[in-house]
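Undergrad: Sending over a structure as structure tokens; questions will come in a sec.
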Amino acid sequence: MLSYLHGSASDPFHDIYSSPGWLTGYDPPRPFPFFVNLEPTNHCQLNCLFCSRQLSERPKGCLDLGLAARIFDETAGHPGTAVRLAGWGEPLLHPEIVKIVSMAKGRGIRLKIYTNGLALTEETMARFVDLGLDDLQFSMQGLNEKQYLFNRVGSDYKKLVANIEMAARVRERLGGAGGPGGGARPFLSILTSVLADELREDSPGDFVGRWLGTVDKVAVDLTNLNFVSRLPRVAPHLRKQSGDLRRGLCVDVFLAVEVKYDGTVQFCGQDSRGLPEHTAGRLPGESLRDIWLGGRFNDQRDRVGRSLGHENSPVCRDCHHNTSKYDVFKQAPSAGGPPGDGGA
């Protein structure tokens, strides 16, 4: 379920999502990916039920600004590419997150941050507005406070709600400049995901209606527990998943590249452990473009993008992202304010 306050053209990345090479017609791969997904840090305050970070034994660390500059320099040479700050940690915990945003925006790069919202302050939000951050997406869980706290262990629902509302007020007060398609920047969005029993307890439409207007976009997804299915705390809840868990051809390996804080480049963002089998190369020893078009990446496309060889990968064998799992929402009406764009 995907709803926009001002229509899909208001999305800072609408041109990418409506591009002929997005989700269809993506093979052979572009000379450079649509998105560079960059991990500022793998530190996080939470211990979420669904999160593969529970499996990770990677050393904790933060993105070096010199490495960030190199990545942004190369990305800036490909104007159709945007950067998303995400990964297996909370981006706002990087002590130089404002500097990282400044570096990217100073090079003319479109930039999105995924955040759990708890570390956002008025000062930081004001800097994001001043710098022209394109999109700030808040990650939630469930459709109400009880469901959220069940999934996001260690979080503070009321603080998150207050911070989302604060972000909207600060943007309005400072008059964030409009971007393509209209609307202030940063574009504010919320993504939540739900288990099957949570859908029976509450309404996605009510959730959208609660938030659309405070933010510009609300998406409701289905929670995926497969990556952590072998953990004792997760096993009792596996039956609560919904959607089609058959395998499908992977599109991610044609669309984006994943860069960890230490320069490890991976095929996608699903590997929290940094496994060598899921590693395509390393920065700064190689260029992103060479890694993207290189043999290891193309071999992975052959395995899971052009055939269903998922069982041969320790990460992909648990992945069901490219199935019909969104179908349950495709006919759901948008709610809250002007009609939004529904879809998956």
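The values are calculated or read from the model by the stated rules, or taken from the named source; none is laboratory data. Quick caveat: nothing in here was measured; it's all calculated off a predicted structure. Using ideal geometry, Cβ is built from the backbone for each residue, glycine included, and neighbour counts are taken over all protein chains shown. Side chains are part of the model used for accessible areas, which takes the heavy atoms of the whole protein and leaves out ligands, DNA and RNA. Shrake-Rupley method; radii C 1.70, N 1.55, O 1.52, S 1.80 Å.
Undergrad: Could you please find all residues in the range 93-131 being assigned to a helix (DSSP H, G or I) and small (Gly, Ala, Ser)?
TA: If the condition is that a residue be assigned to a helix (DSSP H, G or I) and small (Gly, Ala, Ser), then 102, 104, 106, 126 are the ones that fit.
Undergrad: Let me ask something else about it. Kindly provide the set of residues from the range 1-33 that are surrounded by fewer than 16 Cβ atoms within 10 Å (Cβ to Cβ) and in contact with a Phe, Trp or Tyr (Cβ under 7 Å, 6 or more places away or on another chain), ordered by number.
TA: 27
Undergrad: Look through the range 68-77, keep the residues that are part of a helix (DSSP H, G or I) and of a type outside the set (A, V, I, L, M), and return whichever of them is surrounded by the most Cβ atoms within 10 Å (Cβ to Cβ).
TA: Among residues in the range 68-77 that are part of a helix (DSSP H, G or I) and of a type outside the set (A, V, I, L, M), the one surrounded by the most Cβ atoms within 10 Å (Cβ to Cβ) is 75.
Undergrad: Sticking with this structure for a sec: Here is a list: 91, 59. Which entry is open to solvent by 50 Å² or more (accessible area, probe 1.4 Å) and out of contact with any Asp or Glu (no Cβ under 6 Å at 6 or more places or on another chain)?
TA: 59
Undergrad: So if I check each of 104, 119, which one is over 17 Å from residue 37 (Cα atoms) and touching a Leu at 6+ places or on another chain (Cβ under 6 Å)?
TA: Going through 104, 119 in turn, the sole match is 119.
Undergrad: Return the pair list, or none, for Cβ contacts closer than 7 Å from residues in the range 307-321 that are among the polar types (S, T, N, Q) to residues that are modelled with pLDDT of 90 or more and open to solvent by 30 Å² or more (accessible area, probe 1.4 Å), at least 6 apart or on different chains.
TA: 312/303; 313/277; 313/303
Undergrad: Here's something else I'd like to know. Of all residues in the range 59-87, how many are within 27 Å of residue 319 (Cβ to Cβ) and at pLDDT below 95?
TA: 1
Undergrad: Does residue 302 fit the bill of being over 18 Å from the mean Cα position of the chain (by Cα), more than 21 Å from residue 40 (Cβ to Cβ) and open to solvent by 10 Å² or more (accessible area, probe 1.4 Å)?
TA: So residue 302 fits the description; yes.
Undergrad: Go through the range 245-284 and count every residue that is open to solvent by 30 Å² or more (accessible area, probe 1.4 Å) and either closer than 16 Å to residue 295 by Cα or at pLDDT below 90 (or both).
TA: Looking only at that region, the number is 7.
Undergrad: Where in the range 154-239 are the helices (runs of 4 or more DSSP H), entirely inside, with at least 3 residues that are at pLDDT 90 or above and not charged (D, E, K, R)?
TA: 157-174, 204-211
Undergrad: Something else about it: Got a number for residues in the range 254-288 being within 16 Å of the chain's Cα centre (by Cα), over 16 Å from residue 56 (Cα atoms) and free of Cβ contacts under 8 Å to residues at least 60 places away in the same chain?
TA: Qualifying residue count, the range 254-288: 1.
Undergrad: Further, regarding this structure: For residue 80, state whether it is in a loop (DSSP other than H, G, I, E, B) and surrounded by 16 or more Cβ atoms within 10 Å (Cβ to Cβ).
TA: Here the answer is no, as residue 80 does not meet what is asked.
Undergrad: On to the next question. For residue 36, are the conditions met, namely being buried (at least 19 other Cβ atoms within 10 Å of the Cβ), outside any loop (DSSP other than H, G, I, E, B) and not polar (S, T, N, Q)?
TA: In short, yes.
Undergrad: Taking the range 135-147, which residues are open to solvent by 10 Å² or more (accessible area, probe 1.4 Å) and either among the β-branched types (Val, Ile, Thr) or more than 14 Å from the chain's Cα centre (by Cα) (or both)?
TA: 143, 144, 145, 146
Undergrad: Turning to a different aspect of this structure: Being under 17 Å from residue 188 (Cα atoms) and small (Gly, Ala, Ser) is the filter; apply it to the range 94-120 and report the residue that is surrounded by the fewest Cβ atoms within 10 Å (Cβ to Cβ).
TA: So the residue we want is 119.
Undergrad: Do the conditions hold for residue 23, that is, is it closer than 27 Å to residue 231 by Cα and either among the small types (Gly, Ala, Ser) or at pLDDT below 95 (or both)?
TA: For residue 23, the condition - closer than 27 Å to residue 231 by Cα and either among the small types (Gly, Ala, Ser) or at pLDDT below 95 (or both) - is not met.
Undergrad: I've got another one for you. Within the range 259-308, can you find the residues that are within 19 Å of residue 83 (Cα to Cα), out of contact with any Asp or Glu (no Cβ under 9 Å at 6 or more places or on another chain) and acidic (Asp, Glu)?
TA: Matches in the range 259-308: 286, 290.
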